[in-house]
1. What Kirkwood Rh does the range 148-234 have if only Cα atoms enter the pairwise 1/r average? Answer in Å.
2. Using the Karplus equation 6.51 cos²θ - 1.76 cosθ + 1.60 (θ = phi - 60°), what ³J(HN,Hα) coupling, rounded to whole Hz, does each residue of the range 172-189 give in order, writing x for Gly and Pro?
3. Over the range 100-238, what is the mean sequence separation of C-alpha contacts under 8 Å (at least six apart), divided by residue count, expressed as relative contact order in percent?
4. What is the spin-label model distance, in nm, from Ile257 to Glu55 if the labels are put 7 Å beyond Cα along the C-beta direction?
5. Give the accessible surface of the range 108-214 per residue, rounded to a whole number of Å², with probe radius 1.4 Å and ligands, DNA and RNA excluded.
6. Can you tell me the relative contact order of the chain? Whole percent, Cα pairs under 8 Å, sequence separation 6 or more.
7. At a 1.4 Å probe, what is the % contribution of carbon and sulfur to the accessible area of the range 98-252?
8. For the chain, the longest stretch holding no trypsin sites (Lys or Arg not before Pro) located in a DSSP loop with at most 16 other Cβ atoms within 10 Å is which?
Amino acid sequence: MLQFMQSGSYIIGNAIAAVIYPAFGLTFMIALDVAGAVLASIAVAASGIKTPAPERRTPEENAEASRHAVRAFLSETAGGYRELKRHRGLFAMLWIGFAFSVLFSPISALFPLMVFDHFGGTTTQSAIAEIAFSVGMIAASGWIGATGGLKNRSLSCTLAIALFGAVTLAGGLVPPSALVVFLGLTFAMGVSSPLYSAPQMALMQERVDPECMGRVFGLYGAVCSWAMPVGLVASTLFADAIGVSVCFVLIGAAMMILAGITWSIPSIRKIG
């Protein structure tokens, strides 16, 4: 359901952008972004979530509380790491997830460049490519929600990585005259995303001690977040030098190799 709602918001956002950007420009788009944040803040304020009133403390007590918070954060992060270490398959998938995020993150940044530079497209066509990706996410999310997806979840994750790699590689080989083909491949990229993330979440929820669930998910989210700037920096260095389409080919090939590595790890095969 989370994937479904997120994908729906991507579709609506890109559709609005495709109409507004050519007519009103970037400044209006940024103002619209601020307006959306204000509306979201009002929604949270109106939700009635109770929060405790802050305690009055001396500067010395505040300093000690800050030190305690840092120690608690490090302790809980270490606890999440130890919990994952108890499950060899999940621990291996943590680093597979890191590698996947390193390779996945540049694609979103390169999408517009691919449409503009390789296919000579417009902002509207770039938005359509993003929408096609989101529709693929919705289709896969709906299928998983209705059927539960593949019973072997580690196989689902592996196939998702391989699918993303294959269609990304193919996208880089599409000639400039075949934008429609690229849009179809973009849809397939979107399909692969929930096929990877949903089974991985389910595996963690099934295997991890409930008391450590927040620590494990926090650690996993942090590791994948650290991976994103690594991938973006790499794409920045190479995109101008070798071309966007070549980047797609190389990232796709690397994804397919990662899929082979994932399935070659016995602990991952068994955990599914």
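The values are calculated or read from the model by the stated rules, or taken from the named source; none is laboratory data. Just so we're clear, the structure is a prediction, and the values are computed from it rather than from any experiment. Here the Cβ is made from the backbone with ideal geometry for all residues, glycine too, and neighbour counts use every protein chain on show. We work out accessible area using only protein heavy atoms, side chains counted, and drop any ligands, DNA or RNA first. Shrake-Rupley method; radii C 1.70, N 1.55, O 1.52, S 1.80 Å.
1. Details: mean 1/r = 0.0668 Å⁻¹.
Over the range 148-234, the inverse of the mean reciprocal pair distance is 15.0 Å.
2. So the J values, rounded to whole Hz, are x, 9, 5, x, x, 8, 10, 4, 4, 5, 4, 5, x, 5, 4, 4, 5, 4.
3. Working: 130 pairs, mean separation 55.3, N = 139.
Contact order relative to length: 40 percent.
4. 5.4
5. Values: 4430 Å² over 107 residues.
Counting only protein heavy atoms, the per-residue value for the range 108-214 is 41 Å².
6. Numbers: 305 pairs, mean separation 87.5, N = 272.
Once normalised by length, the contact order is 32 percent.
7. On the way: 4750 of 6650 Å².
The computed percentage sits at 71.
8. Numbers: sites that count: Lys50, Arg56, Arg57, Lys151.
It runs 152-272.
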